1. E21 versus (1) surrounded by 18 or more Cβ atoms within 10 Å (Cβ to Cβ); (2) touching a Pro at 6+ places or on another chain (Cβ under 7 Å); (3) farther than 18 Å from G132 by Cβ; (4) not polar (S, T, N, Q): which is the lone unmet condition?
2. Would you be able to say whether some residue in segment 142-153 is at pLDDT below 75 and not aliphatic (A, V, I, L, M)?
3. Look through E73, E107 and report the one residue that is out of contact with any strand residue (DSSP E or B) (no Cβ under 7 Å at 6 or more places or on another chain) and surrounded by fewer than 16 Cβ atoms within 10 Å (Cβ to Cβ).
4. Any residue that is in a loop (DSSP other than H, G, I, E, B) and of a type outside the set (S, T, Y) - is there at least one of those in segment 57-67?
5. Just wondering, is there one or more residues in segment 86-98 that are exposed (fewer than 15 other Cβ atoms within 10 Å of the Cβ), at pLDDT below 90 and hydrophobic (A, V, I, L, M, F, W, C)?
6. Within segment 53-64, is even one residue surrounded by fewer than 22 Cβ atoms within 10 Å (Cβ to Cβ), within 22 Å of V139 (Cα to Cα) and either polar (S, T, N, Q) or free of Cβ contacts under 8 Å to residues at least 60 places away in the same chain (or both)?
7. So which residues in segment 89-110 are under 14 Å from the mean Cα position of the chain (by Cα) and of a type outside the set (A, V, I, L, M, F, W, C), if there are any at all?
8. Would you mention how many residues in segment 1-17 are part of a strand (DSSP E or B) and either touching a Cys at 6+ places or on another chain (Cβ under 6 Å) or not charged (D, E, K, R) (or both)?
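The values are calculated or read from the model by the stated rules, or taken from the named source; none is laboratory data. All of these numbers come straight from a predicted model, not from anything done at the bench. With ideal geometry, Cβ positions are generated from the backbone for all residues, glycine too; neighbour counts draw on all protein chains shown.
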Amino acid sequence: MTEGTVEYVHVAPEEGAPPQEVDRAEAVARRGLRGDRYFADAGTFADRSGSDLSLIEAEALDGVERDYGITLEPGLHRRNVTTRGVALNHLVGREFLVGDVLCEGTELCEPCSYLERHLAKEGIREALVHRGGLRATIVEGGTIEPGDAVRLA
């Protein structure tokens with residue numbers, strides 16, 4: 001696995017709220033990012049185990065723009081962390097570090113109808129199939145900020 005980096009960190013304080021870019025976020029084990037809807041058990045998928053943290057590849061977003069003509073500004077994809085240089089799909093079932101935060105990939109973050117309705121961008125669901133990112137459990141907390149390395153533990 002190539003070591004990647006964090007490009008952006010976002011939190012949305014409540015379900016449906018626009019994601020806000022932050023300079024750093026406190027990641028709490030088995031809870032999520034402090035200040036995010038999932039930390040407060042208020043997100044659309046709050047009842048789904050392994051949704052502490054969501055990540056998406058910048059390369060996937062570049063591909064959506066190239067292949068479908070759909071531009072997603074940072075954070076609009078509703079994932080917490082945007083990465084570059086790491087194949088997130090390969091991290092399902094594996095432990096990895098985001099900065100000093102130990103995570104375990106739980107499942108692919110396949111796009112849902114909620115995202116398509118929320119963004120009002122027709123075709124976004126199809127465009128993100130198999131490149132919608134990764135859901136992860138935070139095993140050991142710490143901080144996450146742009147520039148942090150993403151690598152196998």
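1. (1)
2. No, the conditions are met nowhere in segment 142-153.
3. Of E73, E107, the one residue that is out of contact with any strand residue (DSSP E or B) (no Cβ under 7 Å at 6 or more places or on another chain) and surrounded by fewer than 16 Cβ atoms within 10 Å (Cβ to Cβ) is E73.
4. For segment 57-67, residues in a loop (DSSP other than H, G, I, E, B) and of a type outside the set (S, T, Y): absent.
5. No: segment 86-98 contains no residue that is exposed (fewer than 15 other Cβ atoms within 10 Å of the Cβ), at pLDDT below 90 and hydrophobic (A, V, I, L, M, F, W, C).
6. No - not one qualifying residue is present in segment 53-64.
7. N89, E104, G105, T106, E107, E110
8. In the first step, residues of segment 1-17 are kept if they are part of a strand (DSSP E or B); the result is 4-11.
This time we only want the ones that are either touching a Cys at 6+ places or on another chain (Cβ under 6 Å) or not charged (D, E, K, R) (or both), so: 4-6, 8-11.
Counting residues in segment 1-17 that are part of a strand (DSSP E or B) and either touching a Cys at 6+ places or on another chain (Cβ under 6 Å) or not charged (D, E, K, R) (or both) gives 7.
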